[in-house]
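Trainee: The structure that follows is given in the form of structure tokens.
The values are calculated or read from the model by the stated rules, or taken from the named source; none is laboratory data. For clarity, every value in this text was computed on a predicted model and none was experimentally measured. Neighbour counts are summed over all protein chains in view; Cβ atoms, including those assigned to glycine, are modelled from backbone coordinates with ideal geometry.
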Amino acid sequence: MHFSFITLAVLSMSVANVAAATLTMPPPMPKAFPPDDESQPIPASYLTDPLVTEALAYVESVVPAQYLQIPPSTFKSICTATYNADATANCYWPANLCTRDTNTNAFTADVYQCPGQNTWGLTYDDGPIVNVVNGQHVNDTVALRNALVNLNDQKATFFVVGSMGSSVPDEIKATFDAGHHIATHTWTHWTSTSLTNAQFVAEMKYTEALIYKTTGQVPRFWRPPCGDIDDRIRAIASALGYRTVLWGTAPDRDSTDADVTPSSAAHQTVLKKIKSWFVPQAGFISLEHDISTFTVGVALAALSAIKDMGSSFPLKITDVGTCLNEPWYRDVSGSTSVPIPPASSVVLPPSSTPTSAAVNTASAPSAAPSASSTVSASPTGVTSTNTSSITLSTTSSAASPTRQSESTSGSYPSVDVFGSISWLWTVIAGAVIAVFV
């Protein structure tokens, strides 16, 4: 009898502990947002905000320890790190472009292509930027939005960097209001695998909170800066409710717009590469940037070339969420939990019927509005939030000394904390019966 009551007490405590590890949705607003400084990770003082500590506790309660214990890489420079674990075993993308193609009990499968034939998932990373000259927006995020409107009101996915958006939140809102898909690209664009678990959680949650504060929506998709990801980062991001989006590598669909030294020749080289994609092919997701006047200038030229082709353009361009036929954002109404992946199920993107001939702006989903080795990841551009000093030429770009160049169904089941631990209640009930028997 005495042993039975002790067992009941221990089980009850276990239930209480699991129930306490919840993740509030929508995210609570932090006491303050981190500085818009990409020269270092988010300062340690910001890691103690409840926004971060609650999320970290939740991550630690649902992610298997084997993933959380993968050691961080050693930061060398932006987009370059020394990986301190087994790069192959942990599917470290920069080492060999490794992707995870199935869901596990720890993370969702990576997304790197659109399932529909001739479907182009159009994405822009690292913005927003603002560049006003003589009262006109030139080669910035605003100009890019305008060009997309002129291309049959085309929609794209914008992977927002929190430190960039915090200085111009109205631009995040304007992009959202224009019907584009807003997704997460961390706060500082730091090399993710070099961060501790707490630091990475902070990078995700502060950006999430900013996007929610600005748009009223919580993103479902994120892209790791420079593609720097391993199974630890995958698992943490998945626990926080995110799908990981990379880009096509076979064939290569990285525009390299942020890798080159800005010049007229580089502009033509990058534009030529993007135009080489204008052919019938399997669905893909591309990598472009709205990080500088140079990268946006190339993007504008590419959109103009598409428009010039008219009905002979063979691809259907869309945002990532629409090409996957998945909701853009999470349904957080009355929710205190987040989606997590189902265990060990293969992710096969939904089939879709390709649209031939003309550029086709797909409709958004209905939910949219509501061992040590040193390797270098694909670099991602130069940045500046100084809107008065950006040079308007394809021969130069806004630059900052702190940054160098870069399925099956829709949503996953939500975690009902008490429901997900129903087995504990069953055990307790059995123990109670045993006591009285």
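Trainee: Kindly indicate which of Ala109, Ala89 is closer than 14 Å to Leu246 by Cα and either part of a loop (DSSP other than H, G, I, E, B) or under 20 Å from the mean Cα position of the chain (by Cα) (or both).
Mentor: On the way: Ala89 fails: closer than 14 Å to Leu246 by Cα.
Result of the check over Ala109, Ala89: Ala109.
Trainee: Okay, moving on. With respect to the numbered conditions (1) under 30 Å from Pro94 (Cβ atoms); (2) out of contact with any strand residue (DSSP E or B) (no Cβ under 7 Å at 6 or more places or on another chain); (3) not β-branched (Val, Ile, Thr), which one is the sole condition not fulfilled by Met204?
Mentor: The single condition Met204 does not satisfy is (2).
Trainee: Checking the conditions here, which among Ala367, Ala358 is within 21 Å of Trp222 (Cα to Cα), at pLDDT below 85 and not basic (Lys, Arg)?
Mentor: Numbers: Ala358 fails: within 21 Å of Trp222 (Cα to Cα).
The conditions single out Ala367.
Trainee: Going through region 218-233 one residue at a time, which ones are among the basic types (Lys, Arg) and in contact with a Lys or Arg (Cβ under 6 Å, 6 or more places away or on another chain)? Working first, answer last.
Mentor: Just the residues of region 218-233 that are among the basic types (Lys, Arg), to begin with: 220, 223, 232.
The answer is Arg220, and nothing else.
Trainee: Quickly run through region 39-48 and pick out the residues that are at pLDDT 95 or above and either among the hydroxyl-bearing types (Ser, Thr, Tyr) or buried (at least 21 other Cβ atoms within 10 Å of the Cβ) (or both).
Mentor: Result: Pro41, Ile42, Ser45, Tyr46, Thr48.
Trainee: Which of the following residues is modelled with pLDDT of 95 or more and under 19 Å from Pro128 (Cβ atoms): Leu240, Leu300, Leu246, Leu271? Reasoning before the result, please.
Mentor: Working: Leu240 fails: under 19 Å from Pro128 (Cβ atoms); Leu246 fails: under 19 Å from Pro128 (Cβ atoms); Leu271 fails: under 19 Å from Pro128 (Cβ atoms).
Unique residue meeting the criteria: Leu300.
Trainee: Is one or more of the residues making up region 175-195 charged (D, E, K, R), crowded, with 22+ Cβ neighbours inside 10 Å and not in a loop (DSSP other than H, G, I, E, B)? Can you show your working first?
Mentor: Going through region 175-195, the residues charged (D, E, K, R) turn out to be 177.
Going one step further and asking which of them are crowded, with 22+ Cβ neighbours inside 10 Å, we end up with none.
No.
Trainee: Return a yes/no flag: does region 277-292 have any residue that is under 25 Å from Asp153 (Cα atoms) and either in a helix (DSSP H, G or I) or at pLDDT below 95 (or both). Before you say what the answer is, go through the steps one by one.
Mentor: Going residue by residue through region 277-292, those that are under 25 Å from Asp153 (Cα atoms) are 277-292.
Keeping just the survivors that are either in a helix (DSSP H, G or I) or at pLDDT below 95 (or both) gives none.
No; the residues of region 277-292 include none that is under 25 Å from Asp153 (Cα atoms) and either in a helix (DSSP H, G or I) or at pLDDT below 95 (or both).
Trainee: Any residue that is touching a Pro at 6+ places or on another chain (Cβ under 7 Å) and either part of a loop (DSSP other than H, G, I, E, B) or modelled with pLDDT of 95 or more (or both) - is there at least one of those in region 51-59?
Mentor: From region 51-59, those touching a Pro at 6+ places or on another chain (Cβ under 7 Å) are 51; that's our starting set.
Of the ones still in play, those that are also either part of a loop (DSSP other than H, G, I, E, B) or modelled with pLDDT of 95 or more (or both) are 51.
Taking every residue of region 51-59 in turn, at least one turns out to be touching a Pro at 6+ places or on another chain (Cβ under 7 Å) and either part of a loop (DSSP other than H, G, I, E, B) or modelled with pLDDT of 95 or more (or both).
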